[in-house]
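Structure first, commentary second.
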Amino acid sequence: MLRVKAPAKINLCLHVGERRSDGYHNLESLVAFADIGDELTFEDADRLSLNVEGPFASGLAGEADNLVLRAARGVMKIAGREIPKHITLTKNLPVASGMGGGSADAGATIRAFLLEWPRDEVKLSDFADLAGNLGADVPVCFFGQNAWMMGRGDEIFRCELPELHAVLVNPCISVSTRDVFAGLEMRTGIDAVERPDGFASAADLIEFLKSTKNDLETSAFALAPQILMALSALRARDGIRLARMSGSGATCFGLFDDAQRAQSAAEGLTSDHPNWWVKAAILAKASED
Ligand code: C5P
């Protein structure tokens, strides 16, 4: 049995550029992966099947064509043969939450199939194209490393990031990415800031982030004012350095100097808002494998 992680994706900043002829917008986003996320297992089977479990499994009930299955079918099309697997997805992250969820699962699925592929047969560009066709966030999740994400999400440039101690907060509301983009008013545009390809320290990175934004915030606040409440609650915690929404929301992240401060902020937020999803996490942690 093969087990892979699908880490939460956090957009540390997200600038939106022009609307393109394909209907998408050009983006400029610094993406960091968290040490928490969904998990997938793959077992040999007679046919392709998917079982979803975990705390947020019910959020996917009725979604017959899960991105995981679409990713698996895409891989088989590239292979030109059936690779039947029984897949179990443990959904630990809230659904439609700005942390990549389904995109992270799809990216991890493609990676998992590749692990069992004979090296000399792999044409990576085929898989990158598949990722891009599944959704704008799938390529960076397939890449799985901290990166600048450009184009509609399909141009990925690795960026060395120091570890960040964060608290992730979702006010248990889901917002549609499409609707958030549709309500977009102000755009920073791309190339408005210099894009460093690395940072010397967490303090340097946070300083840089202060010169950036998430352009989708205002539109998301209008659709779901609870997001603003989550940000205000984060900003009220001791030791908070920066608080911002990730992706199209509703998850927000707060950055702290160390694990202890992040942990105590998470505990305070959990006790003040028992109905919210709150987790302390490390972003950009060096991978163990
Ligand atoms: O590709 P994905 O399904 O994640 O995108 C959802 C919607 O978000 C798109 O249909 C589009 O309206 C909007 N979007 C966009 N520009 C991007 C990414 C997403 O306009 N770069």
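Of all the residues in the range 106-136, those that are aliphatic (A, V, I, L, M), part of a helix (DSSP H, G or I) and within 12 Å of the ligand (Cβ to nearest atom) number 3.
Here's the yes/no breakdown for (1) closer than 29 Å to residue 56 by Cβ; (2) within 13 Å of the ligand (Cβ to nearest atom); (3) surrounded by 15 or more Cβ atoms within 10 Å (Cβ to Cβ):
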{"site": "161", "(1), (2), (3)": "yes, no, yes"}
{"site": "171", "(1), (2), (3)": "yes, no, yes"}
{"site": "176", "(1), (2), (3)": "yes, yes, no"}
{"site": "185", "(1), (2), (3)": "no, no, no"}
{"site": "193", "(1), (2), (3)": "no, no, yes"}
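Restricting the range 137-159 to residues that are within 21 Å of residue 79 (Cα to Cα) and either aromatic (Phe, Trp, Tyr) or in the same structural domain as residue 194 (by TED's automatic domain parsing) (or both) leaves a set whose member that is nearest to the ligand (Cβ to nearest atom) is 142.
Quick grid of which residues meet (1) within 22 Å of the chain's Cα centre (by Cα); (2) of a type in the set (Lys, Arg):
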residue: 201; (1), (2): no, no
residue: 220; (1), (2): yes, no
residue: 226; (1), (2): yes, no
residue: 244; (1), (2): yes, yes
residue: 247; (1), (2): yes, no
residue: 276; (1), (2): yes, no
residue: 285; (1), (2): yes, yes
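On the stretch given as the range 155-190, residues that are part of a loop (DSSP other than H, G, I, E, B) and aromatic (Phe, Trp, Tyr) total 0. So, in the range 134-164, exactly how many residues are more than 14 Å from the chain's Cα centre (by Cα) and closer than 30 Å to residue 270 by Cβ? Final tally of qualifying residues: 4. Checked against (1) surrounded by 12 or more Cβ atoms within 10 Å (Cβ to Cβ); (2) touching a residue at least 60 places away in the same chain (Cβ under 8 Å), residue 22 passes all but a single condition, namely (1). Being in contact (Cβ under 8 Å) with a residue 60 or more places away in the chain, assigned by TED's automatic domain parsing to the domain that holds residue 181, touching a Pro at 6+ places or on another chain (Cβ under 6 Å) and not polar (S, T, N, Q) is not true of residue 259. Just a yes or no: is a residue in the range 140-148 over 24 Å from residue 2 (Cα atoms), polar (S, T, N, Q) and surrounded by 21 or more Cβ atoms within 10 Å (Cβ to Cβ)? No, the range 140-148 contains no residue that is over 24 Å from residue 2 (Cα atoms), polar (S, T, N, Q) and surrounded by 21 or more Cβ atoms within 10 Å (Cβ to Cβ). All told, residue 265 meets the bar of being surrounded by 22 or more Cβ atoms within 10 Å (Cβ to Cβ), touching a Lys or Arg at 6+ places or on another chain (Cβ under 7 Å) and part of a helix (DSSP H, G or I).
Every condition in (1) over 14 Å from the mean Cα position of the chain (by Cα); (2) surrounded by fewer than 23 Cβ atoms within 10 Å (Cβ to Cβ) holds for residue 167 except the one numbered (2). Restricting to the range 200-224, count the residues that are part of a loop (DSSP other than H, G, I, E, B) and at pLDDT 95 or above. Qualifying residue count, the range 200-224: 8.
Select from the range 229-240 the residues that are in a loop (DSSP other than H, G, I, E, B), in contact (Cβ under 8 Å) with a residue 12 or more places away in the chain and out of contact with any Gly (no Cβ under 8 Å at 6 or more places or on another chain) and write down the one among them that is surrounded by the most Cβ atoms within 10 Å (Cβ to Cβ).
239
Would you check if residue 156 is among the aliphatic types (A, V, I, L, M) and free of Cβ contacts under 8 Å to residues at least 24 places away in the same chain? In short, yes.
On the given criteria, is residue 180 within 16 Å of the ligand (Cβ to nearest atom), under 29 Å from residue 2 (Cα atoms) and touching a residue at least 40 places away in the same chain (Cβ under 8 Å)? It is false that residue 180 is within 16 Å of the ligand (Cβ to nearest atom), under 29 Å from residue 2 (Cα atoms) and touching a residue at least 40 places away in the same chain (Cβ under 8 Å). Residues that are surrounded by fewer than 22 Cβ atoms within 10 Å (Cβ to Cβ), polar (S, T, N, Q) and at pLDDT 95 or above within the range 66-122 comprise 88, 90, 92, listed in sequence order.
Return yes or no: is residue 243 surrounded by fewer than 24 Cβ atoms within 10 Å (Cβ to Cβ), under 20 Å from residue 101 (Cβ atoms) and of a type in the set (A, V, I, L, M)? When the stated conditions are applied, residue 243 does not pass them.
The values are calculated or read from the model by the stated rules, or taken from the named source; none is laboratory data. Everything numeric in this text was worked out from a predicted model, so none of it was measured. Ideal geometry is used to build each Cβ from the backbone, glycine not excepted, and the neighbour counts take in all protein chains shown.
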